[in-house]
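Below is one structure, written out as structure tokens; the observations come after it.
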Ligand code: NAD
């Protein structure tokens with residue numbers, strides 16, 4: 001089955017993993033809806049470059065994934081949603097007794113509650129279309145914990161749990177729901193942690209990558225955006241029609257330890 005003519009909504013896709021997934025789906029003939037909370041010329045230019053490059057419809061819709069009504073509005077404005085990629089996410093690192101409440105609230109809203117709102121809005125469209133794919137970009141931190149990331153780890157474990165529930169609720173329909181659990185990927189989210197980690201430990205940036213950031217990733221290599229986009233493509237294919245409710249690790253061996 002070809003994905004040509006399907007429409008994908010990718011939350012948090014003006015950067016990093018979400019943008020990479022949007023590009024890869026567009027190369028397969030999928031119309032894409034990019035999203036973030038900003039409304040800059042460069043956001044719309046990204047959509048235009050994908051449209052020009054891939055010959056598909058590509059739009060950018062501003063919607064703040066920390067707000068439930070805007071999550072639902074994104075899906076409504078998209079008009080169709082055969083493929084929903086829940087990707088928007090933020091991070092904050094602090095001990096739990098020093099964790100700012102507003103950061104906790106923002107991470108739970110963007111990384112977890114948005115998945116509830118967009119999925120609730122998209123499933124009726126998928127049912128009407130008679131086909132659907134929900135792919136939630138969780139994390140190795142949806143399956144394992146690390147210190148100082150209480151909100152992120154709670155949210156990502158929640159996403160893995162919600163993935164299983166949605167899979168059961170759609171099990172008899174031609175709709176699947178899966179989570180992808182990446183290890184460390186070199187995106188702006190991680191790049192910004194390298195100098196801070198080096199300074200914190202008094203080591204070079206190369207040592208910070210090897211000894212701290214990739215300490216848990218046995219391959220000692222970053223996962224690439226292209227590898228994640230390929231995993232999403234597979235989950236959208238016919239070969240994956242009976243794969244639902246799973247959490248697929250793409251983490252260089254992290255969670256097998
Ligand atoms: P990124 O910072 O490059 O991308 C995050 C995206 O989310 C951006 O497009 C940003 O604009 C968007 N976003 C942030 N707040 C938003 C809001 N309120 N409303 C709408 N969009 C918002 O980071 P990334 O590494 O590409 O992360 C993408 C996803 O992958 C996240 O869910 C992250 O937790 C997950 N992930 C990343 C890694 C990694 O190592 N980079 C590992 C595991 C999981």
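The values are calculated or read from the model by the stated rules, or taken from the named source; none is laboratory data. Since we're looking at a predicted model, the values are computed, not measured. For neighbour counting, all protein chains shown are included, and Cβ atoms are generated from backbone atoms with ideal geometry for every residue, glycine included.
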In this structure, does residue 239 turn out to be part of a helix (DSSP H, G or I), in the same structural domain as residue 90 (by TED's automatic domain parsing), out of contact with any strand residue (DSSP E or B) (no Cβ under 9 Å at 6 or more places or on another chain) and away from the ligand (no atom under 16 Å from the Cβ)? yes
Reported set for region 122-159 where residues are surrounded by fewer than 20 Cβ atoms within 10 Å (Cβ to Cβ) and under 24 Å from residue 7 (Cα atoms) is 124, 125, 127, 128, 129, 130, 131
Filter region 160-198 down to residues that are within 11 Å of the ligand (Cβ to nearest atom) and in a loop (DSSP other than H, G, I, E, B) and give me whichever is surrounded by the fewest Cβ atoms within 10 Å (Cβ to Cβ). 192
Does residue 219 fit the bill of being closer than 26 Å to residue 247 by Cβ, surrounded by fewer than 15 Cβ atoms within 10 Å (Cβ to Cβ) and more than 9 Å from the ligand (Cβ to nearest atom)? yes
List every residue pair whose Cβ atoms lie under 6 Å apart, where the two residues are 6 or more positions apart in sequence or sit on different chains, the first residue falls within region 191-203 and is within 16 Å of residue 92 (Cβ to Cβ), and the second residue, located anywhere, is surrounded by 15 or more Cβ atoms within 10 Å (Cβ to Cβ). 197/208; 197/212
Under 6 Å between Cβ atoms, at least 6 apart or on separate chains: pull out the pairs that start in region 101-122 with a residue that is farther than 20 Å from residue 153 by Cα and end on any residue that is surrounded by fewer than 19 Cβ atoms within 10 Å (Cβ to Cβ). 121/72
What number of residues in region 33-47 are over 12 Å from residue 11 (Cβ atoms) and surrounded by 13 or more Cβ atoms within 10 Å (Cβ to Cβ)? 4
Scanning for something in a loop (DSSP other than H, G, I, E, B), surrounded by fewer than 22 Cβ atoms within 10 Å (Cβ to Cβ), more than 15 Å from the ligand (Cβ to nearest atom) and on the phi < 0 side of the Ramachandran plot, does region 4-15 turn up at least one residue? yes
Being within 11 Å of the ligand (Cβ to nearest atom) and in contact with a helix residue (DSSP H, G or I) (Cβ under 9 Å, 6 or more places away or on another chain): is that true of residue 36 here? yes
How many of the residues in region 61-95 are part of a loop (DSSP other than H, G, I, E, B) and away from the ligand (no atom under 12 Å from the Cβ)? 7
